[in-house]
Structures are given as structure tokens and as C-alpha cells.
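Chemist: This is the structure I want to talk about, given as C-alpha cells.
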């Protein structure tokens with residue numbers, strides 16, 4: 001693969017302080033509130049979903065209320081990247097926030113699980129745009145070398161929503177109706193829309209007609225991509241739980257989806273597309289291509305831990321869901337400071353490879369340490385293990401963006417950022433499906449260790465994941481020997497999950513040594529920065 005011939009060592013350090021005006025700083029509150037909007041309710045939903053399922057009288061379809069959001073979010077991100085180049089950033093972000101608010105209203109007023117799923121889908125379409133466009137806009141306003149510092153702040157606000165979301169959800173579930181989980185988004189979205197409308201005045205092509213712009217959209221490519229991703233992600237949501245992996249209803253859509261991805265790549269490279277959704281030139285240099293691959297594995301391992309550490313707290317330590325949410329803060333909170341530290345170091349040193357190497361080594365170490373956890377592990381032990389994992393992950397978050405973008409021209413900012421978001425989202429879905437399959441398979445393999453036949457029947461074929469709760473374990477208090485056997489099988493199955501997780505995390509270590517240190521730009525070189533006052537007055541007329 002061709003690599004730029006100029007590397008960072010060939011340049012004299014030109015990292016001079018960049019001055020930003022008041023209009024630049026006025027944009028950030030709107031971006032941060034929009035980021036908070038997309039994270040707050042998503043995390044809060046985890047604690048109120050049982051209440052929703054009971055109120056709407058649905059026990060099996062509620063999984064779709066969670067999964068359709070992530071499917072829609074992931075599938076729409078590449079389209080947002082292309083649309084951002086064609087229609088500009090401002091109105092797309094405003095529209096994405098409005099869609100998220102609309103979906104929130106639909107969910108809050110839902111009187112059936114079907115209406116809730118529709119609302120969550122609309123939210124996902126808006127949420128995908130919010131996440132991608134915020135990163136793109138920060139890239140428009142900040143030189144690449146400065147960007148990790150600012151993205152650390154935005155991601156810190158996003159993480160804040162993840163932290164306080166479960167707490168807010170728990171309070172809402174116990175004090176009032178679950179509908180307020182969704183309705184609370186409306187004033188937050190309103191504040192974001194006002195700030196974005198007032199201060200997000202950025203440049204875009206005003207001379208081309210809407211019809212001419214629409215003709216530039218890669219409708220065929222986007223249809224192929226969205227359809228393929230839906231065909232892959234949907235069976236991943238039910239594989240190993242609702243339907244077995246061996247079912248044709250799982251295998252066929254997976255094959256169809258991957259065939260669709262091959263067709264999409266062929267079409268994008270055919271020369272028939274005037275403006276590609278995911279240009280293959282993004283993968284034409286080694287550093288960007290490896291950074292995309294590492295983005296996939298980072299997203300996979302993040303969700304690997306996010307889904308199975310709470311299971312450890314509940315099924316092994318017998319903590320309640322709310323208690324497990326508090327326990328998991330040790331994995332979440334360190335992401336913010338370590339991400340910011342990594343961003344500052346990258347901006348000062350002008351090098352992203354050390355943070356990438358350090359991040360994957362430490363994240364892999366943290367994942368490996370989880371193998372040691374059992375029902376006798378002390379609180380200090382699992383807290384420290386989580387902090388180690390989160391510290392590594394935080395360093396990676398801010399290091400991969402410059403690794404992807406440094407070798408690429410600034411004109412590819414939007415498509416590269418959207419592609420990165422899409423690959424990260426694609427990885428998160430596998431980060432749920434793969435460990436779930438590993439866990440269920442290992443649990444079935446060890447079921448013989450449970451002497452009570454009726455308990456074995458309850459835990460077989462995915463039942464162990466469903467019943468990984470404090471309430472289930474307490475139901476076994478009258479048969480302490482069987483309870484100890486069940487906890488032992490949970491511990492052994494989780495150890496297999498972490499063992500496989502180490503492999504996925506460790507893949508990033510050798511890859512990070514093969515990326516090159518490319519000179520990070522210290523000046524903005526695109527046409528999408530802030531408008532000046534004359535341009536604003538002209539647009540108003």
C-alpha cells in the first residue's frame with residue numbers, strides 16, 4: 001500500500017498555539033449538549049427496560065427496542081458522511097437532533113412495543129448523525145494536531161451521559177413513569193437546537209441547487225450498504241438467544257449480508273459512482289487501513305466488557321442491576337481523564353503511535369486480568385482491574401482518529417470520520433454476539449457440573465445469560481450446594497469469555513507497531529470552517 005513519503009520526523013516541530021475566537025467557543029456548548037443527548041437516554045434505558053416490558057406486556061420483543069437503535073445508528077453513518085460533503089454540516093446536524101427528539105417523543109408516547117421500536121429506529125437514525133457530524137465539525141474547526149484535545153472534551157461529555165444515565169433511569173423507574181426517560185430528551189434537544197441554530201454558522205456550497213446536490217448522492221451504494229448491514233446485524237441480535245447460530249434464519253441473512261458488502265465494494269470500485277459513499281482510497285495506505293482495523297477491534301472489546309462485566313457482578317457476586325451499574329463505573333469513569341491525557345500528549349508530541357501501542361497493551365492486560373475474577377474476588381481487585389482496562393481504552397480512543405486522518409487529505413475528513421464511526425459501530429455488534437456465543441457454548445459444555453436436572457434445564461441454550469441475576473441466585477438459597485455449582489459454572493464460562501476477549505484485544509498490539517507517524521496538520525485546509533459576519537448577513541438576506 002502506498003504511504004505518504006513525508007513522516008513526522010522529517011519536520012521541525014511547528015506546534016504553535018492556535019488562537020480561537022468567541023464564535024469558535026460559542027459552538028462547543030451546542031456540540032457538547034448534542035453529544036450528551038445521544039448518550040444519556042441510551043444508557044438510562046438499560047435500567048428501565050424491565051419496567052417497560054412489564055407495562056407494555058412484552059417479554060421477548062423488548063430486545064428489539066434496544067437493538068434497532070444500534071442497527072439504525074450504524075447503518076446510517078456512512079450516508080451522513082457523504083451527505084455532509086454535499087449539503088454541508090449545519091443543517092444535517094440540526095436535522096439529526098430533531099430526528100432524535102421526534103423519536104424520543106414517539107417512544108415516550110408509545111402504547112405498544114411496536115410503536116416503541118419505531119421510535120427507537122427514528123432515534124437511531126438521528127443518533128448516528130449526531131455522533132458522526134459532531135466529530136466532522138470538530139475536524140472542520142480544529143487542526144488535526146489540536147483535534148485530540150477537543151475531542152477528549154466532547155467525548156468526556158458523552159461519557160458523562162453514560163455515567164449518569166443508569167442512575168437517572170433508576171430514579172425514574174422508582175419515582176415516576178418510565179416515559180420520562182424519553183421525554184427528558186425533549187428539553188435537552190431543544191437547548192441543543194437553539195445553540196446550534198444561533199452559533200453553528202459554518203461554510204457550505206450555497207451556489208448549487210438542491211436537485212444538483214441530490215444527483216451527487218450515491219443512492220445505489222447506500223442502499224446496498226444499509227441493506228447489507230441490516231442483514232448482518234439483525235441476526236447477530238438474536239443468534240444464540242432467540243434463535244441458535246445453526247438456524248437457517250441466522251445463517252442465511254448473515255451470508256446475504258456479507259455477499260451484499262462484497263457487491264457494495266465492487267460497485268464502489270466500478271467507476272460507475274460519481275461520488276462514493278465509502279471511497280476505497282481511504283484504505284489505500286497502510287496506516288489508515290490498520291487504524292480502521294484497530295477501530296473495529298477496539299469497538300468490539302469495549303462492548304465485550306460492557307456486556308459481561310455487569311453479568312459478573314450479578315451472576316457471580318449477586319449484586320442487583322442498579323448495584324452492578326454502580327460497580328461498572330470503574331470501567332467507565334477512567335475513560336474520560338485518560339482520553340483527555342492521551343489527546344493532550346498527542347497534541348504536544350505530535351505523535352499518536354505511542355498512545356496506540358500503550359493503549360492496546362494496557363487494555364489487553366486489563367482484559368486478561370478479568371480471567372482471575374471469581375466469587376471470592378475482593379472489591380478492590382475488580383475495581384483496579386477495571387481501571388486498568390479503561391485506562392488503556394481511553395488512550396486508544398483519541399489516538400486512532402489522527403492515525404486514520406493523518407495520511408489522508410483534508411477533503412476526506414467527512415467520509416473518513418463516517419467510515420470510522422461505521423466500523424466502530426459494526427465492531428460493537430460483534431462485541432455482543434461473539435462473547436454471547438462463547439458464553440452460552442461454554443455454559444452448555446459445563447452444565448453436567450450442576451447436579452439438579454431442573455436447574456440445568458433452566459440454564460441450557462441461552463437460559464444462563466437470561467437468568468444471570470441476583471433474584472435467580474437467591475431462588476437457589478434453599479439448595480446451597482446447587483447454588484455453589486451454578487456460580488462455579490458462571491465463573492468458568494466467564495473465564496472463557498475473557499480468554500477469547502484477550503485474543504481480540506491483543507490483535508491491536510502488533511498492528512499498532514506497523515502504523516507510521518505521519519505529520520499531523522497544524523492548519524485547517526478545508527472549506528467548511530466558520531463563516532464570517534459578511535457571509536452570515538448575505539445568507540440572511
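Chemist: Using the Cα gyration tensor of the stretch 352-447, with a ≥ b ≥ c the square roots of its eigenvalues, what is the shape: rounded (a/c below 1.5), prolate (a/b larger than b/c) or oblate (neither)?
Modeler: Taking the square roots of the gyration eigenvalues as a ≥ b ≥ c, the stretch 352-447 is oblate.
Chemist: Using only helices, what value at 222 nm comes out for the chain when you add -39,500 (n - 2.57) per DSSP H run of length 4 or more and divide by the total residues, to the nearest 500 deg cm²/dmol?
Modeler: Helix-only estimate at 222 nm: -24500 deg cm²/dmol.
Chemist: Next question. Under the rule a/c < 1.5 gives rounded, and otherwise a/b versus b/c splits prolate from oblate, where does the stretch 212-266 land using the Cα gyration tensor?
Modeler: prolate
Chemist: Using alpha carbon centroids, what distance separates the stretch 89-119 and the stretch 63-78, in Å?
Modeler: What the calculation gives is 13 Å, centre to centre.
Chemist: Rounded, prolate or oblate for the chain? Axes are the square roots of the Cα gyration tensor eigenvalues, ordered a ≥ b ≥ c, and the cut-off for rounded is a/c under 1.5. Intermediate values should be presented prior to the final figure.
Modeler: Details: a/c = 1.70, a/b = 1.49, b/c = 1.14.
It is prolate, given that a/c is not under 1.5 and a/b is the larger ratio.
Chemist: So how long is each side of the stretch 325-384 along the principal axes, counting just the alpha-carbon atoms, biggest first, in Å?
Modeler: Projected onto its principal axes, the Cα set of the stretch 325-384 covers 45, 22, 14 Å.
Chemist: Can I ask one more? Taking the Cα centroid of the stretch 410-451 and of the stretch 236-287, what is the distance between the two, rounded to the nearest whole Å?
Modeler: Cα centres, the stretch 410-451 to the stretch 236-287: 15 Å.
Chemist: Which ordering of 517, 474, 135 is given by a fewest-first count of other beta-carbon atoms within 10 Å?
Modeler: 474, 517, 135
Chemist: Which three lengths, in whole Å and largest first, does the stretch 279-541 cover when its Cα atoms are put on their principal axes?
Modeler: 76, 47, 35
Chemist: Relative contact order of the chain, please, whole-number percent, based on alpha carbon pairs below 8 angstrom and at least 6 residues apart.
Modeler: With pairs under 8 Å counted, the relative contact order is 24 percent.
Chemist: If I model a spin label at residue 214 and residue 482 as a point 7 Å from the Cα along the Cα→Cβ vector, what separation in nanometres do I get?
Modeler: Modelled inter-label distance: 6.5 nm.
Chemist: Right, something else. Can you put 107, 32 in order of Cβ neighbours within 10 angstrom, beginning with the fewest? If you can, show how the numbers build up before the last one.
Modeler: On the way: 107 27, 32 19.
Ordered by Cβ neighbours within 10 Å, fewest first: 32, 107.
Chemist: Oh, and also: Tell me, 329, 494 in order of fewest to most beta-carbon neighbours within 10 Å? Mind dumping the intermediate values first?
Modeler: Working: 329 16, 494 26.
With the fewest neighbours first, 329, 494 line up as 329, 494.
No value in this document is a laboratory result; all are computed from the given coordinates. Keep in mind the model is a prediction, meaning the values are calculated, not measured. With ideal geometry, Cβ positions are generated from the backbone for all residues, glycine too; neighbour counts draw on all protein chains shown.
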